[in-house]
Amino acid sequence: MGQTFAEATTPYGCRWPEIPRNLQGMSLSALSQEFDIPQERRVVTAIPGPKSDALMQRRADAVARGVGTTLPVFIERAAGGILVDVDGNHLIDLGSGIAVTSVGNSNPEVVSRVQDQVALFTHTCFMVTPYEGYVEVCEALNRLTPGDHAKRSALFNSGAEAVENAVKIARAYTKRQAVVVVEHAYHGRTNLTMAMTAKDMPYKHGFGPFASDIYRVPTSYPFRDGLDGAQAAVVAITKIEKEVGSDQVAALVIEPIQGEGGFVVPAPGFLKALSDFCTDNGIVFIADEIQTGFARTGAWFACDYEGVIPDVITTAKGIAGGLPLAAVTGRAEIMDAAHVGGLGGTYGGNPVACAAAIGSIAAMEAHDLPSRAQAIEALMKARLVTMQGKVPAIAEVRGRGAMIAVELVIPGTDQPNDALAGAVAKACHAQGVVVLTAGTYGNVLRFLPPLVISEELLNEALDIIEEAFIALR
Ligand code: PLZ
């Protein structure tokens, strides 16, 4: 397996996984042997099949319509990179439940620890009578997140809840109120995080009034703004200085690579310039790594690529292999600014979710999943760039690690082509490949495979994506 992450360092002194030069040496297939469902696509009915259709009908009668459906396919089992539906179709999973099952669905390390924990006790409430698993997860977070300074963590149930708490903590520490976010941001669906999220439909439409004292500034979106990182940072910082007032700002919250916003990778230097501005002005720099964290981008955290050490970092999704868990980790003096009893929640850091996180982190370390994410990037980008040569609507291939996307336009323009993104996604679904769309304009097709996916499965999914593009271009 080579060097451990603790040993390797970036030019900036952060942890940096080895870069696999040679895909053949990576054996992306080896891990798929661990899963008890054959890691192969199998289409045995129309997708959706008759049993899924019947369940969709029951769903319509029982479930509020506001909860949407990307694929009207009901799942019965899953393992690794395969979802098995109620009609017996085996689907290739390029979504990971929106970047959650990075260690593979029902990873054995996660399953066994969850089973052991659930038999011991299911809940006490950490604020009433604590247990070791919670502390162990916080220790792992303090060790793995960027920076060697003293840190503290607190655990919650969902990403949105983590973001809310990060803002609470930053306000308590700075005794300021304003929060700065950026265009195309996604931070959640609760009242405060809706205010922080950029996109109206479907996230905010009709759900106001929203929390106050949230200010939105431009971000770096190289494909659309044509600015380098320094130029984009000047635009954002000037807006903060002139329209908000630097000494009014408690926190700047930003995704190092935007998730729902369309896998927008900022130009080099943008994040570092913002984080330096925050340091100089007493503003808490909060990296929302809920989607990018835990090996997804080929480093433990996306900030590792930027030479940025956030004051506070929010995590969720990939942390616990599918169980609901989220965290806020940050500088000890910032985290401890909230008074005793000021943070918490009945279920935050539930013992079963903590056991899952310990299993998930163990699997990531044992199988060097950051390096596997880099191998996935190499394979996917090579194939998607080849596709771009054949499909003029593919304007950009971007992303890092196993967080890769294509932005689609009307050929010859920069006009977003959301119709094509939707049509290609639908065609892939019909062939048993789960892909997701994203972006403020809905014109981004994004891929979030589990990091343990086999090379064969990934290539097969890419064959189907390519066929769909050629047919619909
Ligand atoms: N911050 C960066 O990506 C969740 C949302 C799916 P929760 N992204 C998926 C949907 O349509 O609801 C996310 C994120 C970033 C915060 C969140 C919120 O995390 O666990 O969904 O609350």
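The values are calculated or read from the model by the stated rules, or taken from the named source; none is laboratory data. The structure displayed is predicted, hence computed values, not measured ones. Note that each Cβ is placed from the backbone with ideal geometry, even for glycine, and that neighbours are counted across all protein chains shown. Just so you know, the surface numbers come from the protein's heavy atoms only, side chains and all, with ligands and any DNA or RNA stripped out. Shrake-Rupley method; radii C 1.70, N 1.55, O 1.52, S 1.80 Å.
Provide the FRET efficiency to the nearest 0.05 for the LYS175-ALA419 pair, computing r from the beta carbons and using R0 = 51 Å.
About 0.55, to the nearest 0.05.
Just to verify a number: what accessible area does THR386 come out at with the full protein assembly present, 1.4 Å probe, Å² rounded to tens?
Near enough 80 Å² of accessible area.
Show me, for region 186-194, the HN-Hα J-couplings you get by feeding each phi into the Karplus relation (A = 6.51, B = -1.76, C = 1.60, θ = phi - 60°), rounded to Hz, glycine and proline as x.
Computed from phi, the couplings for region 186-194 are 10, 10, x, 10, 6, 4, 5, 6, 4 Hz.
With the dipole of region 110-366 worked out from charges on the C-beta (+1 for Lys and Arg, -1 for Asp and Glu) around the Cα centre, which of LEU144, PRO218, ILE309 lies farthest toward the positive end?
Projecting each Cα onto the dipole axis, the largest value belongs to PRO218.
Based on a Kirkwood Rh over C-alpha pairs, give the Stokes-Einstein translational diffusion coefficient of region 234-365 at 4 °C and viscosity 1.567 mPa s in µm²/s.
Details: Rh = 16.1 Å.
Here the translational diffusion coefficient equals 80 µm²/s.
Hey, what do the phi angles of region 317-330 turn into as Karplus ³J(HN,Hα) couplings, whole Hz, using 6.51/-1.76/1.60 and θ = phi - 60°, x for Gly and Pro?
Here the 3J(HN,Hα) series is 6, x, 4, 10, x, x, 8, x, 7, 9, 8, 10, 10, x Hz.
Taking every pair of distinct Cα atoms and averaging 1/r, then inverting, what Kirkwood hydrodynamic radius in Å comes out for region 81-178?
17.1 Å
Computed over the Cα atoms of region 110-366, what is the convex hull's projected area averaged over all directions, in nm²?
Averaging across all directions leaves 13.6 nm² for the Cα convex hull.
Can you give the % of DSSP beta bridges in the chain that are antiparallel, to the nearest 5?
Beta bridges within the chain, antiparallel portion: roughly 70 percent.
Checking a compactness column here: for region 182-295, what do you get for Rg(Cα) / (2.2 N^0.38 Å), N being the number of residues?
1.03
How would the chain be classified by its alpha-carbon gyration tensor: rounded, prolate or oblate, with rounded meaning a/c under 1.5 and the a/b versus b/c comparison settling the rest? Working shown, then result.
On the way: a/c = 1.42, a/b = 1.19, b/c = 1.19.
Rounded is the answer for the chain, as its axis ratio a/c remains below 1.5.
In terms of the ratio Rg/(2.2 N^0.38 Å) built on C-alpha atoms, what value belongs to region 34-133?
Relative to the 2.2 N^0.38 Å estimate, region 34-133 comes out at 1.35.
Rounded to the nearest 0.05, what FRET efficiency is calculated for ALA230 and LEU472 with R0 set to 51 Å and r the Cβ-Cβ distance?
After rounding to 0.05, the efficiency reads 0.85.
Given contacts defined as C-alpha pairs under 8 Å and at least six residues apart, what's the relative contact order of region 151-210, whole-number percent?
26 percent
Which residue, GLN231, THR193, TYR134, has the largest displacement toward the positive end of the dipole of region 110-366 when charges sit on each Cβ (Lys, Arg +1; Asp, Glu -1)?
The listed residue farthest towards the positive side: THR193.
Once amide H atoms are built 1.01 Å from N in the peptide plane, which residues 5 or more positions from TYR215, or in another chain, come under 5 Å H to H?
For TYR215, the qualifying residues are VAL179, VAL180, VAL181.
Could you work out how much longer the chain between LYS239 and VAL128 gets when fully extended? Use 0.36 nm per residue separation minus the Cα distance between them, nm to one decimal.
Contour length minus the Cα-Cα distance gives 35.5 nm.
Under 28 Å from the Cα of LYS242, which lysines turn up, not counting those fewer than eight places away in the same chain?
LYS168, LYS175, LYS199, LYS204, LYS272
Calculate, for PHE207 and VAL63, the FRET efficiency according to 1/(1 + (r/R0)^6) with r their C-beta to C-beta distance and R0 22 Å; round to the nearest 0.05. Don't skip to the end; give the middle numbers.
On the way: r = 19 Å, r/R0 = 0.85.
Taking R0 as 22 Å, the efficiency between PHE207 and VAL63 is 0.70.
Summing -39500 (n - 2.57) over the DSSP H runs of n ≥ 4 in the chain and dividing by its residue number, what mean residue ellipticity at 222 nm do you reach, to the nearest 500 deg cm²/dmol?
-11000 deg cm²/dmol
In debye, nearest 20: dipole of region 110-366 around its Cα centre with unit charges on the Cβ of K, R (+) and D, E (-)? Can you show the working numbers first?
On the way: 19 positive and 27 negative charges, 94 e Å.
Magnitude of the dipole: close to 460 debye.
Work out the length of the dipole vector of the chain about its Cα centre, built from +1 on the beta-carbon of each Lys and Arg and -1 on the beta-carbon of each Asp and Glu, and round it to the nearest 20 debye.
760 debye
Can you list, largest first and rounded to whole Å, the semi-axes you get for region 309-426 by taking the square root of 5 times each eigenvalue of its Cα gyration tensor?
Working: eigenvalues 297, 71, 43 Å².
That gives 39, 19, 15 Å for the three semi-axes.
Could I have the simple spin-label model distance between ASP247 and GLU333, label points 7 Å from Cα toward Cβ, reported in nm to one decimal?
1.9 nm
List the relative contact order of the chain as a percent without decimals, with contacts defined as Cα pairs under 8 Å and 6+ residues apart.
Working: 1018 pairs, mean separation 106.7, N = 473.
Answer for the chain is 23 percent.
May I ask you to derive the relative contact order of region 291-405, considering only C-alpha pairs under 8 Å and at least 6 residues apart, and to give it as an integer percent?
Details: 139 pairs, mean separation 35.0, N = 115.
Once divided by the residue count of region 291-405, the mean separation gives 30 percent.
Using alpha carbon centroids, what distance separates region 296-349 and region 161-175, in Å?
12 Å
Before I look further, what does the chain give for accessible area per residue, probe 1.4 Å, in whole square angstrom? Present the calculation step by step, with values, prior to reporting the outcome.
Details: 18930 Å² over 473 residues.
Accessible area per residue, the chain: 40 Å².
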